[in-house]
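Here the structure comes first, spelled out in structure tokens, and everything after it is commentary.
The values are calculated or read from the model by the stated rules, or taken from the named source; none is laboratory data. This one's a predicted model, so the numbers in the text were calculated from it and none came from an experiment. Note that we place each Cβ from the backbone using ideal geometry, even for glycine, and neighbour counts take in every protein chain shown. Side chains are part of the model used for accessible areas, which takes the heavy atoms of the whole protein and leaves out ligands, DNA and RNA. Shrake-Rupley method; radii C 1.70, N 1.55, O 1.52, S 1.80 Å.
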Amino acid sequence: MPMKGRYPIRRTLEYLQKGDIIFKNRVKIMTVNYNTHGELSEGARKFVFFNIPQIQYKNPWVQIMMFKNMTPSPFLKFYLDDGEQVLVDVEGKDYKQISHHVKKILGKSEEVLQAEAQAKMQASNPANFGPKKYCLRECICEVEGQVPCPGTTPLPKEMTGKYRAKMAASQD
């Protein structure tokens, strides 16, 4: 991607992955109301400029809407899945204060993030077998060096039960 435009580093994958705000699963919609001019909305403008791309990257299930020049004072509004609304006043705050406050009230805690990462690591263990929804492999035959499934590739006749039974009967 060419590095053109206003502050192009915001569009790099490295920058997007550095975002530290991961919302709780309850958050469905986030709206940002701010003004494009005025000192009271300076923190909200910088929050939109620097943090919203990271939030969108880290929270793809959250709908984010920006409303410009529609309100006298800037604020954030979060709509939760149970119909509850959370209003955050950002008037006169710095964008770092805003991101810290949003992370504190609606972000997942470090313990929860570590527990989710641990659960994800356990689910991706190559020794686990089961449905593709939960595990990497459905069957042991998908591992290199194992005997293939008889449903996809016929087994050698020496390995089939009918052949062994027939051989045992002929020896008696």
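Under the condition of being closer than 15 Å to Glu42 by Cα, touching a helix residue (DSSP H, G or I) at 6+ places or on another chain (Cβ under 8 Å) and part of a loop (DSSP other than H, G, I, E, B), the residues counted in the range 56-84 number 1. Run down Glu110, Glu138 and say which single residue is without any contact (Cβ under 8 Å) to a residue 24 or more places away in the chain, within 19 Å of the chain's Cα centre (by Cα) and within 30 Å of Asn25 (Cα to Cα). Only one candidate qualifies: Glu110. Being out of contact with any Cys (no Cβ under 9 Å at 6 or more places or on another chain) and modelled with pLDDT of 80 or more is a property that does not hold for Tyr134. Screening the range 65-79 for residues that are surrounded by fewer than 16 Cβ atoms within 10 Å (Cβ to Cβ) and among the hydrophobic types (A, V, I, L, M, F, W, C) and picking the one that is farthest from Ile105 (Cα to Cα) gives Met70.
Residues of the range 10-35 that are open to solvent by less than 90 Å² (accessible area, probe 1.4 Å) and in a helix (DSSP H, G or I): Arg10, Tyr15, Leu16.
Does Glu42 meet the test of being farther than 25 Å from Gln114 by Cβ and out of contact with any Ser or Thr (no Cβ under 9 Å at 6 or more places or on another chain)? Yes. Do you know which of the residues in the range 100-131 that are in contact with a strand residue (DSSP E or B) (Cβ under 9 Å, 6 or more places away or on another chain) and among the β-branched types (Val, Ile, Thr) is surrounded by the most Cβ atoms within 10 Å (Cβ to Cβ)? Per the stated criteria, the residue is Val102. Quick one: is Ala115 of a type in the set (A, V, I, L, M) and modelled with pLDDT under 85? So Ala115 fails the test.
Among the residues making up the range 36-64, those that are closer than 19 Å to Leu106 by Cα and open to solvent by 70 Å² or more (accessible area, probe 1.4 Å) are Gln56, Tyr57, Pro60, Trp61, Gln63. Looking only at the range 85-99, residues that are out of contact with any His (no Cβ under 9 Å at 6 or more places or on another chain) and either open to solvent by less than 90 Å² (accessible area, probe 1.4 Å) or in a helix (DSSP H, G or I) (or both) come to 10 in all. Inclusion of Met70 among residues that are aliphatic (A, V, I, L, M), in contact with a Ser or Thr (Cβ under 7 Å, 6 or more places away or on another chain) and under 30 Å from His37 (Cα atoms) is not warranted. Restricting attention to the range 132-172, and to residues there that are of a type in the set (Val, Ile, Thr) and open to solvent by 70 Å² or more (accessible area, probe 1.4 Å), which single residue is farthest from Met121 (Cα to Cα)? So the residue we want is Thr152. Take the conditions (1) free of Cβ contacts under 8 Å to residues at least 40 places away in the same chain; (2) loosely packed, with under 15 Cβ neighbours inside 10 Å; Tyr7 misses just one of them, which is (1).
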